[in-house]
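> Submitted below is the structure of interest, expressed as structure tokens.
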Amino acid sequence: MRTSIGLEDQWQKYPAFCDLISEESNSKKIQSAANLVGKVIASELTERQRQCVSLYFYGGLTMPEIALELGINKSSVSRAIGRAKTRIERSMKYAMQMNVENY
């Protein structure tokens, strides 16, 4: 079963983040949040984490398929994605607390 990067949890943990992405009229804020996530992925994740996240969330591959593609164990893929999600959430939380729009 495919999981998300944790946006469902953000609805309860970080109301300011929820307000940012829930209003349809705030397309500029939504774009800003999407850009921030992209910058976090590019700057805060390791190369392996970026590969796994990209293949899993954007490429639509399963963890076993990613493991085959990268020549690593499925458990390594799972750990890389889990750690990436944690880093993304932590960075987004920090950005929201600091009210940063341009990371």
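The values are calculated or read from the model by the stated rules, or taken from the named source; none is laboratory data. Since this is a predicted model, take the numbers as computed values, not measurements. Reconstructed Cβ throughout: ideal geometry from the backbone, glycine too, with neighbour counts over all protein chains shown.
> Just a yes or no: is a residue in the stretch 15-36 at pLDDT 90 or above and in a loop (DSSP other than H, G, I, E, B)?
no
> Starting from the stretch 50-70, take each residue that is farther than 20 Å from residue 87 by Cα and list its partners that are surrounded by fewer than 15 Cβ atoms within 10 Å (Cβ to Cβ) and among the small types (Gly, Ala, Ser), counting only C-beta distances under 6 angstrom and pairs at least six apart or across chains.
Pairs that qualify, where the first residue is farther than 20 Å from residue 87 by Cα and the partner is surrounded by fewer than 15 Cβ atoms within 10 Å (Cβ to Cβ) and among the small types (Gly, Ala, Ser): there are none.
> Of all residues in the stretch 79-103, how many are of a type in the set (Asp, Glu) and modelled with pLDDT of 90 or more?
So the count comes out to 1.
> Across the stretch 56-74, which residue is modelled with the highest pLDDT among those that are within 18 Å of residue 45 (Cα to Cα) and of a type in the set (Ser, Thr, Tyr)?
If we take residues in the stretch 56-74 being within 18 Å of residue 45 (Cα to Cα) and of a type in the set (Ser, Thr, Tyr), then 56 is modelled with the highest pLDDT.
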